[in-house]
Amino acid sequence: MKKVSFLIFFSIIIIIGSLLFFRSKGSFSSIDSGITRITAPIGVIFSSSASGLSSFFGNLGNIGNIQRENKSLREKINRLEAEKAKMSQLVKENEALRKDLNFKNDSGYETVMARVSFFDPTNVRASIVVNKGVKDGLYSGMVATSEGILVGKVTDVYDRTAKIILITDPFSSIPSITQTFGIAGLTQGQVGTGLIMSQIPQEVILKKGENVVTSGLGGDYPKGLILGRIENITKKNNSMFQSASLRPLVDFNSLEWIQLIKEK
Amino acid sequence: MTILLNISIILVSIYLQTSFLKIFNISVFYPNIVLIFIISIALFRKNYEAYAFAFCTGLLMDTISAGPYGFHIAIFMLTVFVSNLLFSEDKALVSNVAFVAFQVAIPIFFYTSLAIYIAMNSGSFPFSSVTFFLIQGAVTVVFSLAMAPFVRRLFDWEDTLDERRKVR
């Protein structure tokens, strides 16, 4: 009996070892691709119906709030429309100046829309699988946004599906700056859908409520994409750096559609 | 028949795990129901059947998950291996205490391994992350204990179905 048990134990180790070996050599991509291709369409149905149900139950309990919110949003839209008109004038002016100075127009990106099929099953890592892949023009390293806010980066691409590591993943780290004062730091994901901006010098003064955007350093992410808003600032007397916890501006738990930015 | 039923249960739980539970969570925490079913399969199904389930489910979970690749396969297959090592060949005789102990130990092992991996490989692992892992593990343990009587009844019902089919 013991011999059989150890034989099984070693077989498990050999199976897992060879899996890891062949995957590192890239031999497993067709199997991964096949699995996600078969399961992704059903995943889309599940996740979209789940978010539909969630919003239905949410709306039932919030009818009064929705009416008030609707009124304030209308006012906000009017204000934003006026600002937009002003901004478009500024963009035109900016473009003319850029042309004059022969600057590269770094805001010209093509985008691909994709639907979320699966969320990470562990609830510890933060990743999603989307229903677009190589055949739709996706490639590894593409940046994913939702409502104009950075959500992650494509890591694995298969024929019809792709895996995206979200910015809230503990392995994600993005060079960032604060939007108003340009204070530089490093935004890292935290286990449990949080974001923390670290490596900020002690002497600078951070402001709560300020937006943090990508700095564009390293070239992995385009400059100026919103990451989150400063919620809490942590300063320690015996430390060289201070840190700030950020509140993500999108709900990472109910992502449904995302936009993937293609470099021109 | 029972194999088909178990495949459907596993598939539905994977879909629930990767969509519904993410949205209908308890303040960002939700149980790992796939792990709970794998523990039950490890306890109540034949060796080869349990290993096959552990491997296929692990492969599917690893493909969807951000990794580390092979983590789910390893944990699920080790769960089956340990269950075979600890409990007698007649899995129907597994006592309630053993069942509960196993259902508590495996989620703790699962989340501890994942926490160690993240702590060793990611840039930072603050105290809040430790708390997160503790609560996440506790939620899975509580759900697994709450589901235990139902899961046990389900497997008993599957056995009865199989026996009836054999008699026919």
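The values are calculated or read from the model by the stated rules, or taken from the named source; none is laboratory data. These figures come from a predicted structure and were not determined experimentally. Neighbour counts are summed over all protein chains in view; Cβ atoms, including those assigned to glycine, are modelled from backbone coordinates with ideal geometry. Ligands, DNA and RNA are excluded from the accessible area calculation, which covers all protein heavy atoms including side chains. Shrake-Rupley method; radii C 1.70, N 1.55, O 1.52, S 1.80 Å.
Please tell me if B:Phe132 is open to solvent by less than 20 Å² (accessible area, probe 1.4 Å) and more than 20 Å from B:Ile14 (Cβ to Cβ).
So B:Phe132 fits the description; yes.
Looking at the range B:21-51, which of the residues that are open to solvent by 50 Å² or more (accessible area, probe 1.4 Å) and in a helix (DSSP H, G or I) is modelled with the lowest pLDDT?
The qualifying residue modelled with the lowest pLDDT is B:Asn47.
Condition first: open to solvent by 30 Å² or more (accessible area, probe 1.4 Å) and either more than 25 Å from B:Ala115 (Cα to Cα) or more than 11 Å from chain B (Cβ to nearest Cβ) (or both). Now tell me which residues in the range A:142-181 satisfy that.
Those that are open to solvent by 30 Å² or more (accessible area, probe 1.4 Å) and either more than 25 Å from B:Ala115 (Cα to Cα) or more than 11 Å from chain B (Cβ to nearest Cβ) (or both): A:Glu147, A:Gly148, A:Lys153, A:Val157, A:Asp159, A:Arg160, A:Pro175, A:Ile177, A:Gln179, A:Thr180, A:Phe181.
For every residue, the table says whether it meets (1) at the interface with chain A (Cβ under 7 Å from one of its Cβ atoms); (2) among the small types (Gly, Ala, Ser); (3) not in a helix (DSSP H, G or I).
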| position | (1), (2), (3) |
| --- | --- |
| B:Gly58 | no, yes, no |
| B:Ile118 | yes, no, no |
| B:Ser129 | yes, yes, no |
| B:Leu134 | no, no, no |
| B:Arg152 | no, no, no |
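Would you please list the contacts, defined by Cβ atoms under 8 Å and residues six or more apart or on different chains, that run from a residue in the range A:20-47 that is over 28 Å from B:Phe24 (Cα atoms) and at the interface with chain B (Cβ under 7 Å from one of its Cβ atoms) to a residue that is open to solvent by less than 60 Å² (accessible area, probe 1.4 Å) and modelled with pLDDT of 70 or more?
Cβ pairs passing all conditions: A:Leu20/B:Tyr69; A:Leu20/B:Gly70; A:Arg23/B:Tyr69; A:Arg23/B:Gly70.
B:Leu11 - would you say it is part of a helix (DSSP H, G or I), under 14 Å from the mean Cα position of the chain (by Cα) and within 12 Å of chain A (Cβ to nearest Cβ)?
yes
Among the residues of the range A:104-121, which ones are surrounded by 23 or more Cβ atoms within 10 Å (Cβ to Cβ) and within 14 Å of another protein chain (Cβ to nearest Cβ)?
Within the range A:104-121, A:Val116, A:Ser117, A:Phe118, A:Phe119, A:Asp120, A:Pro121 qualify.
Exactly one of (1) closer than 22 Å to B:Ala146 by Cα; (2) open to solvent by 10 Å² or more (accessible area, probe 1.4 Å); (3) touching a Phe, Trp or Tyr at 6+ places or on another chain (Cβ under 9 Å); (4) modelled with pLDDT of 85 or more is unmet by B:Ile108. Its number?
(3)
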